[in-house]
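Colleague: Have a look at this one before I ask anything.
Bear in mind that the values in this text are calculations on the coordinates, not laboratory data. Here the structure is a predicted model, which means the values were calculated and not measured. Glycine gets a Cβ as well: all are built from the backbone with ideal geometry, and neighbour counts include every protein chain shown.
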Amino acid sequence: MAVKIRLRRVGKVHMPYYRIVVTDSRTKRDGRFIEQIGKYHPKDDPSYIEVDSDRAQYWLGVGAQPSDPVKAILQKTGDWQKFKGEPAPEPLLQPKSRRNRDEAFNEALKEAGSQPKDEATTPKKKSAKKSASAAKDEDAEPKAEKKAEKKAEAESPAADAPAAEAPAADSDAAPASEAGDDASTS
């Protein structure tokens, strides 16, 4: 049976996490495995790599063949060099330790003179229902003003238009009366 050391993908879409597993070469990528010997999280900064060195040395010693990505990981951790009898590489980068929230809060409290401020530094948010109704009221006022302006504009040209049409109506009526006069005289 051909044994391989390869990556088994777990995690979500666009958030890959891998397990370093020892498996039969004929199985699927994420199928059955013989043993899990490590973890690899490529999205972390720096990448998180954990390998059980003793088990990796055992499986390499009995003839398990690492895939190319696993071989690169084993070279980073120094397990491949240990297996080949070469000098070890430089140690891996370790992630920076994060500050405890409680410590940060207590430190900020000391700087503030152990007295909390009277008011919150950020204003409170209104509930969604209240803010939605307030937005509707604000939108209603400009719309009412626009409607009033449109009515005023519509009335002012309408007032001018009948005055302009009135002389035209008189001029149309005069020729008709003249035409009628001509018919009656003939």
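Colleague: Going by the alpha-carbon gyration tensor, a ≥ b ≥ c the square roots of its eigenvalues, is the range 37-80 rounded (a/c under 1.5) or, if a/c is not under 1.5, prolate (a/b greater than b/c) versus oblate?
Modeller: Note, shape of the range 37-80 comes out prolate.
Colleague: Estimate the FRET efficiency between Val10 and Ala112 by the formula 1/(1 + (r/R0)^6), using the beta-carbon distance for r and 41 Å for R0, to the nearest 0.05.
Modeller: After rounding to 0.05, the efficiency reads 0.35.
Colleague: Could you give the nm distance between label points at Lys125 and Gln65, where each point is 7 Å from its Cα heading toward the beta carbon?
Modeller: Distance between the two pseudo-spin positions: 5.6 nm.
Colleague: Could you rank the peptides 105-111, 28-34 by their average count of other C-beta atoms within 10 Å per residue, with the highest value first?
Modeller: Output ranking for 105-111, 28-34: 28-34, 105-111.
Colleague: Right, next: For the pairs Lys43/Lys71; Lys4/Lys43; Lys43/Lys110; Lys28/Lys76, note any where the Cα-Cα span goes beyond 30 Å.
Modeller: Listed pairs above 30 Å: Lys43/Lys110.
Colleague: Right, next: Peptides 62-68, 11-17, 41-47: what's the order by average Cβ count within 10 Å, highest mean first?
Modeller: Ranking the peptides 62-68, 11-17, 41-47 by packing returns 62-68, 41-47, 11-17.
Colleague: In addition: In whole percent, what relative contact order does the range 3-84 give with Cα contacts below 8 Å and a gap of six or more residues?
Modeller: 27 percent
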